[in-house]
Structure formats: C-alpha cells, structure tokens
Amino acid sequence: MTHILVDTGFLVALYDKREPMHRRCLQIYDSLIQPLVTCEAVVSEALHLLRHAPAAADGILTSVDRRILGIPFVLAESAVTVKALMAKYRDIPADFADACLIAMADQLDTGEILTLDSDFAHYRWRRTRAFHLLIPLD
C-alpha cells in the first residue's frame, strides 16, 4: 500500500480548529485508508506552531504513539541527501522539514503528500517526479 507523506501545515490545520483549512483537512483525513508518514522535523515544526494549543500537540504525539502517523525517516541515514536537497532548492527555499519529506518520497517511492505548502508544486522527488498534492491549493 502506498504511503502518504504528511507536512507541517496539514498537521497544524488538522489539529487546530481555528485554522481556515481545518474542516477541509479533517474531511480528507477521514477519507484516507493509506498509511500516513512524516519525519521528526515536521512533528517538531507542528508542535512549535501549536504551542498555544496543548490538546492539539497532545493529539499529534498520540497519533505517533499509536502508529497512526508513522515516522520511518532516519536522518543519520539521509543527512547527505537532505543537505543536497536544501542546496538544490535554495532559491525556493526548501527548509529542513521539506528536504526530509523529499528524501522520504524517494525512500518510500511515493509522491502522495498532504500539504498546504505550494512549494511542493515545484519540488521533485526521484529528481523529475512531481508531487501529487492531495489538497488542491487554489
């Protein structure tokens, strides 16, 4: 089964009812059957952005604990790749979490992503493959 990558903005909108995209992200989340995966950098960013909402942060950590949100990425095995991706996309720029997700796409052979970040329309996994943005960004 194909994994779906999860980015920071999606997590924040999913767990914070005040976010404009909350309802849309919740609808999409409820319709998914594929396993969701992310990296620790995304979780860290989301927890930082949700520091005003302890219940939201607790929800994210609970989903990791229950393996609803998997974290298969190991930076020690991908640091060179992440560094190269950050350099490649310096003009956009690709932050650390974005570069980790691009590396994960290569590792897991998937470009399916839940993101609210339009930069993923420009990033490529496996050098030439476009990401499939599961949330239309119009």
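The values are calculated or read from the model by the stated rules, or taken from the named source; none is laboratory data. Just so it is clear, the model here is predicted, and its values are computed rather than measured. All Cβ positions, glycine included, derive from the backbone under ideal geometry; neighbour counts span all protein chains shown. Note: areas computed on protein heavy atoms with side chains; ligands, DNA, RNA excluded. Shrake-Rupley method; radii C 1.70, N 1.55, O 1.52, S 1.80 Å.
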At q = 0.14 Å⁻¹, base-10 log of I(q)/I(0) for region 1-72 (Debye sum, equal scatterers on each alpha carbon): -0.38
Estimated FRET transfer efficiency when R0 is 22 angstrom, pair I68-A121 (beta carbons, to 0.05): 0.25
If the convex hull is drawn through the Cα atoms of the chain, its volume per residue in Å³: 109 Å³
Degrees, to the nearest 10: 54-65 long Cα axis against longest axis of the chain: 60 degrees
The chain, dipole about Cα centre (Lys/Arg Cβ +1, Asp/Glu Cβ -1), debye to the nearest 20: 120 debye
Simple label model, 7 Å out from Cα along Cβ direction - L32 to T81, nm: 2.0 nm
C-alpha long axis of helix 96-108 to longest principal axis of the chain, angle in °: 80 degrees
The chain - percent of accessible surface contributed by carbon and sulfur, probe 1.4 Å: 53 percent
Probe 1.4 Å, protein heavy atoms only - accessible area per residue of region 1-133 in square angstrom: 55 Å²
Inter-probe distance in nm under a simple model that places probes 7 Å from Cα toward Cβ, at H132 and H22: 3.0 nm
Cα-based helix-to-principal-axis angle, 75-88 vs the chain, degrees rounded to 10: 70 degrees
Antiparallel DSSP beta bridges within the chain, percent to nearest 5: 20 percent
